[in-house]
Amino acid sequence: MPPGQGSLGAEADLAVVGAGAAGLYAALCGARVGARVALISATPLAQTASYWAQGGLAAAVGPDDSVELHLADTERAGRGAVRRSAAQTLVAEAPARLADLQSLGVRFDGDRVGKLELGLEGGHSVRRVVHAGGSATGRRMLRQLSALVVAQPRIAVLEGGGARVSALWMVDGHCAGVCLQDGRLVRAQAVILATGGDAALWSRTTNPPGSFGAGMLLARAAGAALADLELVQFHPTAVTGVPGREGFLITEAIRGEGATLRDSNGERFVDELAGRDEVARAIQVRMDQTASESVTLDMREIDPARFPNVFTALREAGVDPSRELVSVAPAAHYAIGGVLVDLYGRSTVPGLYAVGETSCTGLHGANRLASNSLSECFVFADRAAADALGGAAATVSAEAGQGHAALGAEIAAPSRQTRAAMWEHAGIARTREGLRQLLDCPDRIAALTARFALERKETRGVHQRLDFPATDPALEHRHLVIRDDDEPAWETWN
Ligand SMILES: Cc1cc2nc3c(=O)[nH]c(=O)nc-3n(C[C@H](O)[C@H](O)[C@H](O)COP(=O)(O)OP(=O)(O)OC[C@H]3O[C@@H](n4cnc5c(N)ncnc54)[C@H](O)[C@@H]3O)c2cc1C
């Protein structure tokens, strides 16, 4: 049944699309202030990026830490492109969101005297990353949050294949609900997209297959602006050459505890705790120099009890990291760009919000500081839910029978060819010739990513142009945004 023409499925104050960290928390925040929430998720929990998160959540709570230090690290990692107001919001509010998660029953790991145990990751100048169950952070958080969602009578959960959102429902230019693939229409006074990122558009990825930019497509079809699509972070250490574990991420926190990277001659070649962009690039260069498909990670000195799910997953696949080196190579990991939003998660379309990885707040600049993304999910989900329920959005009534489905490109997983082409032409090192080959790609987000990447004629953070190897000072704090005229244009954010 075409979207928007089916039976009226439900009515809510707030419709939240996606049940990862950002969506679950937004739904809980909405219900907590008395709203009726419809939470819609196309996939089971284990297929969210959030469930797979290992390292943890960054918040300035250590005795040697401060919000100023967290801000400085975020800005240094972001390579001259961080939107300061967004980063300030994140660092200021992350400790309160962490406390809230604890009060909701998420149990983070503590030391012997019960204080939060803090991990160190690349780019952080102090220990700042809280985790749960060692490297099972995402799994632990999502289990607790989803249990709370299920027990919350004001949240109606719609999940499974039929609950895939295929279009946004528009009334007089205002987003007033969502159309589901099975024909149902969920009307709401505001919609929060929390559909995750698009790193699964690349063939080598750490992400679940559903992370192909659905939220960006939905928002764009409704006329929302998208920003920074060329900025995609590559994680340095994804497992390779191990059947059944291709792309499995080995958390940076393991390098924080002393694991080292070695080339095919057994030599170290990079500061393992440098920023992700630097480490990923150094690995790629060393692989090219040594004509290898991978480098190795030496975890033999690491206590397996600290990172149980990493050691278990590798041992189940026949590799024992306590005895042998593990082959790793970079993989597409995190969408820095996405639906352009302000500090309350508002997109450029009234009534439409975006939070978590599907959004672009600008806080990551051109290179995300490790573990800032989970914090971003919680900080901005809380803000968006409050704004959506308290602001002008709530005064708009979405009458049954009015409105239309905002239809754009089909919301479909990319083909194998598209994913291979993205890896080849929009991977760690890009050129004009390669990117131009993606312009006719049938996947709209893939083609747009190439258009954005062609416009950024410099190397900055995660975006490396072999034909423009220098950073252009004129592009400091400049971001590419596509609005109504369908042409990416430069804007300055501070
Ligand atoms: C392996 C891995 C490890 C990571 N480790 C860390 C870490 O340690 N610390 C950190 O800060 N970040 C980490 N990240 C990044 C972080 O996990 C993600 O950025 C974050 O979890 C994204 O959360 P989200 O809620 O925005 O999206 P997701 O968790 O991806 O959830 C997306 C949801 O949207 C739903 N959805 C998508 N399309 C539709 C549709 N059309 N209709 C209905 N539902 C839809 C999906 O079913 C899913 O429920 C990691 C990422 C990966 C992949």
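The values are calculated or read from the model by the stated rules, or taken from the named source; none is laboratory data. Note that the coordinates shown come from a computational prediction; the quantities given were computed from them, not determined experimentally. A quick note on method: Cβ atoms are made from the backbone with ideal geometry, for glycine too, and the neighbour counts reach across all protein chains shown. We work out accessible area using only protein heavy atoms, side chains counted, and drop any ligands, DNA or RNA first. Shrake-Rupley method; radii C 1.70, N 1.55, O 1.52, S 1.80 Å.
With all protein chains in place and ligands, DNA and RNA left out, the 1.4 Å accessible area ranks Leu407, Leu193 as Leu407, Leu193, largest first. In the full protein context, the chain carries 37 Å² of accessible surface per residue, based on a 1.4 Å probe and ignoring ligands, DNA and RNA.
Which cross-chain or sequence-distant (5 or more) residues have an amide H under 5 Å from the amide H of Asp472, H modelled 1.01 Å from N in plane? So Asp472 has HN proximity to Thr459. At q = 0.19, 0.23 Å⁻¹, what base-10 log of I(q)/I(0) does the Debye formula yield for region 303-357 when every alpha carbon is treated as an equal point scatterer in vacuo? Each listed q maps to, in turn, -0.72, -0.89. Reported to the nearest whole Å, the Cα centre-to-centre distance from region 247-322 to region 415-476 is 26. Among Trp490, Trp52, Trp169, the order of accessible area from largest down is Trp52, Trp490, Trp169, computed with a 1.4 Å probe on protein heavy atoms.
Dividing the convex hull volume of the alpha-carbon atoms in the chain by its residue count gives 133 Å³ per residue.
Select from Ile482, Phe452, Met422 the residue farthest towards the positive end of the dipole of region 416-492; place +1 on Cβ of Lys and Arg, -1 on Cβ of Asp and Glu, and compute about the Cα centre. Of Ile482, Phe452, Met422, it is Met422. Which whole-number percentage describes the relative contact order of the chain, with Cα contacts under 8 Å and a sequence gap of 6 or more? 23 percent. Only Lys, Arg, Asp and Glu carry charge here, each on its Cβ (+1 for the first two, -1 for the last two); on that basis region 416-492 has a dipole of about 340 debye about its Cα centre.
How much of the accessible area of the chain, probe 1.4 Å, is carbon plus sulfur, in whole percent? About 49 percent, which is the carbon plus sulfur part of the accessible surface. Using only side-chain charges placed at the Cβ, +1 for Lys and Arg and -1 for Asp and Glu, the dipole size of region 232-332 relative to its Cα centre rounds to 120 debye. Output the 0 to 90 degree angle, nearest 10, between the alpha-carbon long axis of helix 372-390 and the longest principal axis computed from the alpha carbons of the chain. Tilt relative to the chain: about 10 degrees.
Only Cα pairs under 8 Å and 6+ residues apart enter the sum, and on that basis the relative contact order of region 232-332 stands at 39 percent.
Specify whether the C-alpha gyration tensor of region 16-121 places it in the rounded, prolate or oblate class, a ≥ b ≥ c being the square roots of the eigenvalues: rounded for a/c under 1.5, otherwise prolate if a/b is larger than b/c and oblate if not. Prolate.
Restricting to the chain, what percent of DSSP beta bridges are antiparallel, rounded to 5?
Details: 41 of 66 bridges.
The antiparallel fraction comes to roughly 60 percent.
Taking all C-alpha pairs of region 232-332, those more than 23 Å from each other amount to 17 percent. Can you pull the percent of Cα pairs in region 416-492 with separation above 18 Å? Value for region 416-492: 40 percent of Cα pairs lie more than 18 Å apart.
A probe of 1.4 angstrom, applied to the heavy atoms of all protein chains, finds Ser264 with accessible area near 80 square angstrom. The heavy atoms of Asp485 offer some 110 square angstrom of accessible surface to a 1.4 angstrom probe.
Here region 85-157 yields Rg over Rh of 1.03, to two decimals, using C-alpha coordinates and the Kirkwood radius. Can you tell me the orientation of helix 84-103 relative to the chain, as the angle in degrees between its alpha-carbon axis and the longest Cα principal axis, to the nearest 10? Tilt of helix 84-103: around 90 degrees.
A Cβ-based charge dipole, computed about the Cα centre of the chain with Lys and Arg at +1 and Asp and Glu at -1, lands at about 680 debye. Between Ser292 and Arg416, the distance separating the two model label sites (each 7 Å from Cα on the Cα→Cβ line) works out to 2.9 nm.
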